[in-house]
Amino acid sequence: MKEAIKKILDISDKTYYNWKNQNRPIISLLELCFNERELESFLKNLRKPYKIAYADRNYLRLSNNLIEFIVFSKATKAFFSILFNNKMHPNKNIDENVLNEYQSKRIDNYDLINYFNNKPNTDLLLYVYENMENDWLLFRESIETKWILEYFEILKLSIEKNIFDEIFGDPNKDIEECIVPIPPQLFASYENNILIEEKYLYILLEIKESIIDGTFQELPKYSPYDQAFNLKTVSIKE
């Protein structure tokens, strides 16, 4: 193990022991995260170790699944009402907690039906629980689309303040205007993708601040029937 670390860091035997005695983080990182065979394999082929590549793919997939669930699933309100209102422990029965949210009138018939028709898979639930325990650190660190974080915060605020339908609208409930415009197409590549995301982020930041200070009803309204947000998206004419 020592020899492999020395080769990777291009240091002498003396430096290795000095750094180890000084508790240099790079030594601890290599010793903690890899075994000797993995380091030797890296030196031979200079490729990302398999377990790191696997973890990257797995977390990216789960993050993308969580993003899609947050943005598109009609079950979102019911599911996150549990997490945000009750700080649910992973050992509790999820379906039972959803029913309790319904009985407490924090979610309605539509929310309940949508949840049972669109329940998250087990892997996603475990990812959600792990994120909760780490204050959503995994989720925040594993995504690059910054507007998603603001969308998530608005979702959280709207559920806590019981204004979800006003903020997001729902054609199924004949709520035909909303504060949050339909999001841009996820994981798509457009020529002006950066401008679209910057504009959408700006709108979300304004919405979040207005929810916090209680002035969100004065904001422009959008149609929940709209297509994905783009540079031509405009609010409903009053």
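Tabulated data for the structure shown
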{"read-out": "Count of residues meeting criterion [charged (D, E, K, R), open to solvent by 80 Å² or more (accessible area, probe 1.4 Å) and either over 15 Å from Phe164 (Cβ atoms) or touching a helix residue (DSSP H, G or I) at 6+ places or on another chain (Cβ under 7 Å) (or both)] in segment 96-115", "value": "2"}
{"read-out": "Checking Glu198 against (1) closer than 22 Å to Leu149 by Cβ; (2) open to solvent by less than 100 Å² (accessible area, probe 1.4 Å), the condition it does not meet", "value": "(2)"}
{"read-out": "Single match in Lys161, Lys221, Lys173, Lys156 (criterion: under 15 Å from Lys77 (Cα atoms), over 21 Å from the mean Cα position of the chain (by Cα) and either of a type outside the set (A, V, I, L, M, F, W, C) or open to solvent by less than 10 Å² (accessible area, probe 1.4 Å) (or both))", "value": "Lys173"}
{"read-out": "Of all residues in segment 116-136 being outside any helix (DSSP H, G or I) and at pLDDT below 85, the one that is most open to solvent (accessible area, probe 1.4 Å)", "value": "Asp135"}
{"read-out": "Residue among Phe229, Phe139 that is touching a helix residue (DSSP H, G or I) at 6+ places or on another chain (Cβ under 7 Å), surrounded by 19 or more Cβ atoms within 10 Å (Cβ to Cβ), not β-branched (Val, Ile, Thr) and not in a loop (DSSP other than H, G, I, E, B)", "value": "Phe139"}
{"read-out": "Failed condition for Leu112, given (1) under 25 Å from Lys208 (Cβ atoms); (2) in contact with a Phe, Trp or Tyr (Cβ under 7 Å, 6 or more places away or on another chain)", "value": "(1)"}
{"read-out": "Tally of residues being under 30 Å from Ile143 (Cα atoms) and surrounded by 14 or more Cβ atoms within 10 Å (Cβ to Cβ) across segment 1-34", "value": "7"}
{"read-out": "Residues being in a helix (DSSP H, G or I) and open to solvent by 10 Å² or more (accessible area, probe 1.4 Å) - total across segment 63-83", "value": "7"}
{"read-out": "Conditions (1) in contact with a Phe, Trp or Tyr (Cβ under 7 Å, 6 or more places away or on another chain); (2) farther than 15 Å from Ile70 by Cα; (3) not in a loop (DSSP other than H, G, I, E, B); number of the one not met by Ile236", "value": "(3)"}
{"read-out": "Among the candidates Lys7, Lys14, residue that is in contact with a Leu (Cβ under 8 Å, 6 or more places away or on another chain) and over 30 Å from Ile163 (Cα atoms)", "value": "Lys7"}
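The values are calculated or read from the model by the stated rules, or taken from the named source; none is laboratory data. Here the structure is a predicted model, which means the values were calculated and not measured. Positions of Cβ are generated from backbone atoms using ideal geometry, with glycine treated the same way; all protein chains shown enter the neighbour counts. To get the accessible areas, we keep the full protein, side chains included, count just its heavy atoms, and leave off ligands, DNA and RNA. Shrake-Rupley method; radii C 1.70, N 1.55, O 1.52, S 1.80 Å.
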